[in-house]
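For reference, the structure discussed in these notes is given below.
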């Protein structure tokens, strides 16, 4: 069996690459091979089933700042196909996107199925032949040019497929051995480690507050140059929310070295400095001495969280502000600004899994995503050593790299 182009991987990057190639050169035979029975599985589960397609950040340099790995190298690719191009691409195919207050962009339908259907429809219209339950067990670069693929799977149309161009968009892999087949092609691999995960705190004093969220907190990893601010969510296993997830992305390799243990210091008042806070409380006590500390939450903190902090400071339930001992006030200030949580492990964020690691970008031509080692071999998506923080950035990297690789394979 022969074809002009084969794409390995039926996810976001694979579909986008196949569509871009087939649309740019309709004369080509383009095959998309997915080894499982499911297409676009991560698209369907992302954003709680709404699909966070991209981020409302239309300046390439600014957009690139949201990638712990690959940001600098992505600036030029984002000039070729950035977030605004993604919005236009979907709108041209009947899918309008909306931006939420935090910049995340979703389909107006709030359904990831809208995005999956748009991609499948675009592939169908472009005559991309999609094969599920079809994997490539072996890839052999041919001396003259092109590749010979040994196929397997219940629906594989042949045992051998010969193609001129090949796009690998098989996603990230949590195990280093999962990249051995790419090493056999002559590429090196940045060792994969998890990114975008939440913190497990088995002995958390906040366990009873599951579901309580704070719109703006700061998380600092004690003894490390790692911190991030943003919304924070208290869970039954520890802490989550964008502040934790983004910190885990920037600190992915260091946290792996630490075996996901350490002390996370939480500031519930990240805009406050200690001395001005102390002076403010002094004035507040003078004006509100008869109020009980426990029953009157300050700083807009959720009542349950405030009560927990007051109790942890050993302040009595009936203690009034005028009666509060200086030692106990200092303890409360410490908890407000630097509450310690002992992190002992991590949990994958929902059904989404992101790895940092993969094919180094130095081994590719970033204008075409073509290998510098194997002519005609292209890469896109999470198989590359690219990963973004939460907020639509990982999908944007998939759209960008898939698009540029697809156009390049089409000869455009």
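The values are calculated or read from the model by the stated rules, or taken from the named source; none is laboratory data. Treat the numbers as computed from the prediction; the structure is a model and nothing was measured. A quick note on method: Cβ atoms are made from the backbone with ideal geometry, for glycine too, and the neighbour counts reach across all protein chains shown.
Evaluation of residue 170 against the conditions (1) in contact with a helix residue (DSSP H, G or I) (Cβ under 6 Å, 6 or more places away or on another chain); (2) in a strand (DSSP E or B); (3) within 30 Å of residue 8 (Cβ to Cβ) shows that the sole unmet condition is (2). Exactly one residue out of 128, 45, 95 is touching a strand residue (DSSP E or B) at 6+ places or on another chain (Cβ under 7 Å), touching a residue at least 40 places away in the same chain (Cβ under 8 Å) and assigned by TED's automatic domain parsing to the domain that holds residue 8, and it is 128. If the condition is being outside any helix (DSSP H, G or I), touching a helix residue (DSSP H, G or I) at 6+ places or on another chain (Cβ under 6 Å) and within 24 Å of residue 40 (Cα to Cα), then the range 371-384 contributes 378, 380.
Evaluated against (1) touching a strand residue (DSSP E or B) at 6+ places or on another chain (Cβ under 7 Å); (2) surrounded by fewer than 16 Cβ atoms within 10 Å (Cβ to Cβ); (3) under 23 Å from residue 233 (Cβ atoms), residue 339 falls short on exactly one condition, (2). Report the residue count in the range 271-303 for those that are touching a helix residue (DSSP H, G or I) at 6+ places or on another chain (Cβ under 9 Å), at negative phi, without any contact (Cβ under 8 Å) to a residue 60 or more places away in the chain and assigned to a loop (DSSP other than H, G, I, E, B). Total meeting the criteria: 11.
Scanning the range 355-368 for residues that are touching a residue at least 60 places away in the same chain (Cβ under 8 Å) and in a loop (DSSP other than H, G, I, E, B) returns 360, 366, 367.
Residues are listed down the side, and each one gets a yes or a no for (1) surrounded by 24 or more Cβ atoms within 10 Å (Cβ to Cβ); (2) modelled with pLDDT of 95 or more:
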position	(1), (2)
372	no, yes
379	yes, yes
390	yes, no
401	yes, yes
411	no, no
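In the range 305-319, the qualifying residues are those that are surrounded by fewer than 16 Cβ atoms within 10 Å (Cβ to Cβ) and either touching a residue at least 60 places away in the same chain (Cβ under 8 Å) or in contact with a strand residue (DSSP E or B) (Cβ under 7 Å, 6 or more places away or on another chain) (or both), and the one that is nearest to residue 206 (Cα to Cα) is 312. From the list 194, 174, the one residue that fits, being more than 20 Å from residue 134 (Cβ to Cβ), modelled with pLDDT under 95 and buried (at least 19 other Cβ atoms within 10 Å of the Cβ), is 194. Checking each residue in the range 145-167 for being part of a loop (DSSP other than H, G, I, E, B) and more than 31 Å from the chain's Cα centre (by Cα) picks out 145, 146, 154, 155, 156, 157, 158, 159.
Residues of the range 153-167 that are touching a residue at least 60 places away in the same chain (Cβ under 8 Å) and either over 17 Å from residue 370 (Cα atoms) or touching a helix residue (DSSP H, G or I) at 6+ places or on another chain (Cβ under 7 Å) (or both): 153, 157, 158, 160, 161, 162, 165, 167.
Kindly indicate whether any position in the range 257-266 is on the phi > 0 side of the Ramachandran plot and either modelled with pLDDT under 95 or in contact with a helix residue (DSSP H, G or I) (Cβ under 7 Å, 6 or more places away or on another chain) (or both). Walk me through it before giving the result.
Taking the range 257-266 as the starting set, the residues that turn out to be on the phi > 0 side of the Ramachandran plot are 259-260, 262.
With the extra rule that they be either modelled with pLDDT under 95 or in contact with a helix residue (DSSP H, G or I) (Cβ under 7 Å, 6 or more places away or on another chain) (or both), the set shrinks to none.
No.
Residues that are surrounded by fewer than 22 Cβ atoms within 10 Å (Cβ to Cβ) and in contact with a helix residue (DSSP H, G or I) (Cβ under 7 Å, 6 or more places away or on another chain) within the range 9-38 comprise 24, 28, listed in sequence order.
Here is a check on your reading of the model: is residue 106 within 28 Å of residue 183 (Cα to Cα), surrounded by 15 or more Cβ atoms within 10 Å (Cβ to Cβ) and either in the same structural domain as residue 386 (by TED's automatic domain parsing) or at pLDDT 95 or above (or both)? No; evaluated as a whole, the condition is false for this residue.
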